[in-house]
Amino acid sequence: MTIRVRRVVFLIGVGLLAVMLARSVGALPHFGAYRGPYGDVVSRASVSERHITDVVTAVNFDFRGFDTLGEEFIFFAAVLGVALILRPQTDEGVGHVIDCATGRAVPPTSDAVRVLGLGLTPPTVLFGIYVVVHGHLTPGGGFQGGVILATGVLLIYLAGEFDDLHGLYSDSALERAEAVGAAGFIGLGLLGVIAGSVFLDNVLPLGRTGSVFSAGMVPLINLSVGLEIAAGLVLLLTTFLRQTIVLRRIESPARRP
Amino acid sequence: MTFLQATILVFVGAGGTCVVATRDPLRQAMVASLFGILLGILFFVLQAPDVALSEIVVGAVALPLMILLSLAKIRGGDR
Amino acid sequence: MTNIAPLPVVVPLVGAAAVLFAHLIVPRRVVQAFAMAAVLAEICLAAVLIHQVRSTSIVYWFGGWTPRGAVALGISFTVDQIGAGAALLAGVVSAAAVAVAPSTMRDPDGIVYALFLTLLAAMAGFCLTGDLFNMFVFFELMAVSAFALSAYDTRSPDALRGALNFAITNSIGAFLVLIGIALLYSSTGALNLAQIGHQLARTGLDNASTVALSLLLAGFLIKAAVIPFHFWLIDTATTAPTPLVMILAGVLDTLGVYGVARVYWTVFASPLAADHRAVQFMLVAVGAISALVAGTLSILFSDPRRRMAFVMVAHTGIVLIGVACLSARGVAGAAIYAVGDGTVKAALFIGLALIGFETAHGQRQDHDVAGSPSRTAGLAVLIVGGLATAGLPLFATGLGKASIEKAAAVAGFPWAVVAIVFAAAVTGGAVLNIASTARRATGPRRDEHACAWVPQLLVASILFGISALTTKVGTWAATAAGRFSDTLAYQQRVLSGAATSPAGIATRYATTFPWIVLDLLSVAAAIVLGSGLAQNTARRLSPSPMRSGIWTAIRRVHDGSIGDSATWVTLGTAGIALVLATTMH
Amino acid sequence: MNLLPFGVALWLFVVGLYGIVTSRNLLHQIISLSVVQASTYVLLLAVGYRTGGAAPVFADIPTSRATVDPIVQALTLTDVVVGATVSALLLAVAVQIHKRTGTLDPENLRRRPES
């Protein structure tokens, strides 16, 4: 189809679809009139039976924990997929970045940026850990905390230390950390099976509501998810970074006139 | 619905339009990041702090970062 | 260990994590063997599950959250024979794919095997789950794993575009499913299939749940890739690596139809009881159009991979007709056909790889010396597979096709029978024609490992054997389908734990007189078409300018444009919603 | 007024799809896809909203307090993560496409006509 024909066909289709969707909304309960019952039953059970005050975390890691396991592996598969798609092909080599436009070397990162980047790393990492371990009490958890953790690690890159970063976190170490995080969730789930109950059943003491050491397995699951997300995201971003920075040299001269 | 919620909803609708209407990828990455923040605020006023937190770390930070890295690669190759 | 229901999902996932952990320090061979072991374990677990659910379904509540007052708190796996059978099929085809991966992909490393394992886990989870949102999660896991693999050959722009088309179209499908879920959740307050169905049976369908039905149908049919949602598949199946296409052809597409069937019988069957004719007619029409159009196109294209892509669309159309009859008989036929035909198609892609349309180096080339052992093996696979595709009663394609035809005739769609017979004949002819043209082609010898063809031929033979053995499970399939389509029993089993009674269909299930004639008819027609006779005649008879005009248009429509694919998806979804909205009430 | 959240969700859906269909740049197409995805977030959260309901976090409110629905929030959270990962994969493919073909215009990527 040419773009013009396609646009006309699309507008007809999407117009019809929009009318259908709009009609359906008329039959729904009004905005603000959520009538349950699923959410309300879960809210009650969350605090009384699991000592979890953040009900969203309770749903994510306990009631519907199996969804989250699937979600974690979607992330897992995506990180592997990016590594697969951006893997260096034989016609690419590894070299250091050269500014292709003028042939000049990249200016060294200024000390101020370096200090700022390195200085921000510890508090960011700490904040990430805080968000992970308080997931069952207040908003946050393994996913959000994991992303923050990864950001903290990447601040090192901002400080211009990609080589250091890469030395510290080689791919194999990151992959192993990710694998351990992913397997950790399953392992915790299997504890229930080993104890003679079902997958993802809680087998640990529930503790005092509101304490960090409460809510049974949920904080542990959060930790393993946090590890997986942090390691996976760093792996993902370093894969992109490597494409940007390291793999440029060999193909660039060919493109230059 | 409160006035605040209605206002932010309108902003989100307009923000989405801007994201699609911005055809230059670099500027679009910036607009998309703003759109992520708007969504985060919307989720806050819809009483969903967990979702808001993740939308902000993902939609306003991680995703635009990946877009920028891709752009850096692509622009680098262009020269 | 009384209950193994989650293990077909958990074991491949553990395998994937373990592969990622160790793949850089152990040899490739070991990684492949380990991945194979995980797949075989899934097969055993699924087989045990089939045995365990022979009398009543298993309902497995994750985290021990059993329903309270008919409100499901957690996620359930609701395992019945059809679901466990589909998980078994997924395992079998994945095993075949993993077995041939080293010889049909360029240096597959651990990451490839890890992705095959997450793909398998996703397929198994999709088949076993009893929760609508959980279905969506596994739907996405399937999509993400598969499309990363489809971009494997990153040096080919066509392969990359195919992957992108796959990902964007399937993502739109996933959003449609998710919007459908949100609408259903808003009306019923539930995510468990049984609970949603129970609730809708009391309140009836309103506009929201009707639209939700159309969105779910559209989303799953995008995965199934029936017309007009097939554009991504034509693109992807042409360029993706052989093992992935085997899985796509063998199970993944069919799982889209499985999704339609599962959601229809658990959620919509009771409230739709009065109006089911509209859904039935629409789905049969979509299936028949796919069978007719894609069948015709399959023989017109000359590139073997593109041909096979249209064969896939046509056959998914046939499976959809079976499900669309909305009867236990139709489901039984669809199940038999899905297994019988899925294994054959997986074998056919091995055949294509063997005759050298695709080499181990990932580059497609269609010249090779005639008479090399690998080529002879490939031709044999293609000829046997072509006959099976056409519905030779030796294979389950024949029995499945006959059962679907019977179901369509009983449901009052005799024209669908014509479409099925036609599609089987033409697609069989298309496959045989690949063999007959490949036989004549000669070219320079390619350097290959001397005996790489032996394991490939072995795998293909096993797949054919499974297809042949499936003809023996007709009675089992009939019983399983009866249980699958018993909406009330499913809901009671999940929500109150009542045991389902085995609803038996006592008839002996085998191809009987009038239908076996149709099977043989399509085989005969396929042989004629495959010899190339018919094409030449048609070419001579039809006026050339008109033909080339239409032909150019058809090729241009299938040029892999992502925007086009998204446009057709929008139009198709709107069409489904419009048909349902106007014909109901 | 009560229909506004649904209207915004519908609008994002339509606009994002329009972006995908008319896009001349793969990065633009991918970001448009994330706009379509944003419509599902808005829809899900709108469906579970309860007027006057508190956030479903009982850290500093009594358990008797009415809250908005936590389920849709958990679903949206899953959806956000899924969306980001899919975008990451798509971006990786786009980077490779640019490297191999030197273009990001989907119209230039169409399959060449074959016999």
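Throughout, read-outs are computed from the coordinates displayed, never taken from laboratory work. In this text, all values refer to a predicted model and were calculated from it rather than measured experimentally. Cβ: placed from backbone, ideal geometry, glycine included. Neighbour counts: every protein chain shown.
Figures for the structure shown
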| read-out | value |
| --- | --- |
| Percent breakdown of C-alpha pair distances by 20 Å bin, ordered from the shortest bin, for the protein assembly as shown | 14, 48, 33, 5, 0 |
| Cβ-based exposure ranking for C:11, C:528, D:95, in which fewest neighbours within 10 Å come first | C:528, C:11, D:95 |
| Size of chain C as Cα extents on the principal axes (Å, biggest first) | 72, 62, 48 |
| Value at 222 nm in deg cm²/dmol, rounded to 500, when DSSP H runs of n ≥ 4 in chain C each add -39,500 (n - 2.57) | -24000 deg cm²/dmol |
| Taking the range D:4-108 and dividing mean pair separation by its residue count, relative contact order in percent (alpha carbons under 8 Å, at least six apart) | 29 |
| Cα-Cα pairs of the range C:1-82 separated by more than 19 Å (percent) | 51 |
| Residue order, fewest to most beta carbons within 10 Å, for D:61, C:196 | D:61, C:196 |
| Chain B, relative contact order [Cα under 8 Å, separation at least 6], % | 29 |
| Cα-based reach from residue B:73 at 28 Å (exclusive), listing lysines while leaving out same-chain residues under 8 positions away | D:99 |
| Centre separation in Å (Cα based) which lies between the range A:38-61 and the range C:266-306 | 43 |
| Nearest-0.05 FRET efficiency for residue C:548 and residue C:520, computed from C-beta distance (R0 51 Å) | 0.90 |
| Distance histogram for the range D:1-104 (every C-alpha pair counted, 5 angstrom bins, percent rounded to whole numbers) | 2, 12, 16, 17, 15, 11, 9, 7, 5, 3, 2, 1, 0 |
| At 1.002 mPa s and 20 °C, Stokes diffusion of the range B:3-78 via Kirkwood alpha-carbon radius, µm² per second | 166 |
| Least to most buried among C:56, A:238, C:118, C:582 (fewest other Cβ within 10 Å first) | C:582, C:56, A:238, C:118 |
| Surface/4 of the Cα convex hull for the range C:213-346, nm² | 7.3 |
